[in-house]
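Notes to accompany the following structure.
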Amino acid sequence: MLELKNVYFTIPESEEREGGRRSIINGINYVFEKGKFYAITGPNGSGKTTLAKLIMGIYPLSQGTILFKGQDISPLSITERAKAGIAYSFQQPARFKGITFRDLLTIATGVDDERKLLEILGRVGICPLSFLDKEVDARLSGGEIKKIELATTIAANPALAIYDEPDTGIDLWTIGPMVSLLKKELAERRTTTIVVSHNRAFLEAADVVLIINSGRIVYDGNLEGAMPLLDDLSVCTYRDSCEGERDAGCYR
């Protein structure tokens with residue numbers, strides 16, 4: 001489905017070390033299988049989001065190859081990758097003054113028939129019809145903008161959906177339904193799902209947990225097997241304070 005071959009990403013060092021490069025992703029090789037749920041976690045700054053952005057084409061590879069459905073997509077743009085069937089949901093979704101949710105859904109799906117748009121709302125668990133005509137601007141709450149981002153990603157029917165910290169800015173009661181929705185889409189449409197998260201709910205839901213540290217995959221397996229390594233990396237569990245986020249079940 002998606003294969004990473006010897007993937008590297010480097011950035012220029014600080015001005016004090018002119019000409020030097022700092023490695024963010026260090027030679028990752030991995031195959032993501034079709035129809036599986038993957039959760040990527042690890043310490044802050046370990047390269048989780050960077051890897052996701054490399055897959056989407058937001059960042060260019062420094063070295064290596066990315067294959068999607070057997071095709072080398074390494075040279076493709078974000079738009080070309082989206083057309084190939086990859087969707088990306090940002091940790092901090094963009095807001096657009098003068099653009100409504102209806103506009104975004106129409107762009108994402110090519111559908112402007114209201115009945116079909118309502119079917120999409122039902123599919124992603126958004127009830128009020130009035131929500132369609134909300135402007136995607138600064139007046140929306142964090143939870144509302146996340147629902148819109150999630151809906152437009154799912155409505156595009158991607159073969160591969162990438163969600164970067166989908167629980168950012170939402171209340172605890174929204175996380176469970178969000179996990180259920182992603183699992184439902186995976187089961188019904190075989191959408192290969194990659195979630196970058198510290199949240200235990202997503203890690204428990206995943207078929208495979210990947211731990212990244214210092215730009216490398218250091219663990220590939222289930223959550224139970226990951227726990228000792230998470231503790232060793234000083235990544236907090238739901239038993240810890242999580243800086244006031246005890247109930248969120250986060251991993252930092």
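Here, each number is a calculation from the coordinates, and none is a lab measurement. Keep in mind the model is a prediction, meaning the values are calculated, not measured. No Cβ is skipped: glycine too gets one built from the backbone with ideal geometry, and neighbour counts run over all protein chains shown.
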Each label point is 7 Å from the Cα along the Cα-to-Cβ direction; what then is the distance between the points at Asn26 and Glu119, in nm? 5.0
Take the cross-link list Lys5/Lys83; Lys34/Lys183; Lys48/Lys184; Lys36/Lys184 and give me the ones stretching past 19 Å between alpha-carbons. Lys5/Lys83; Lys48/Lys184
Give the residue list of GluC sites (Glu not before Pro) in the stretch 1-83 that are DSSP loop and have at most 10 other beta-carbon atoms within 10 angstrom. Glu18
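Please work out how much length the chain gains when fully extended from Thr168 to Lys34, using 0.36 nm per residue of separation minus the C-alpha to C-alpha distance, in nm with one decimal.
45.6 nm
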Work out, step by step, the length gained on full extension between Leu181 and Ile107: first 0.36 nm times the residue separation, then minus their alpha carbon distance; give nm to one decimal. 24.5 nm
Need the full-extension length gain, Ile58 to Asp231, defined as separation in residues times 0.36 nm minus the C-alpha distance. One decimal, nm. 59.1 nm
Would you calculate the separation in nanometres between label points at Thr65 and Lys5, each defined as 7 Å from the Cα along the Cα-to-beta-carbon direction? 0.2
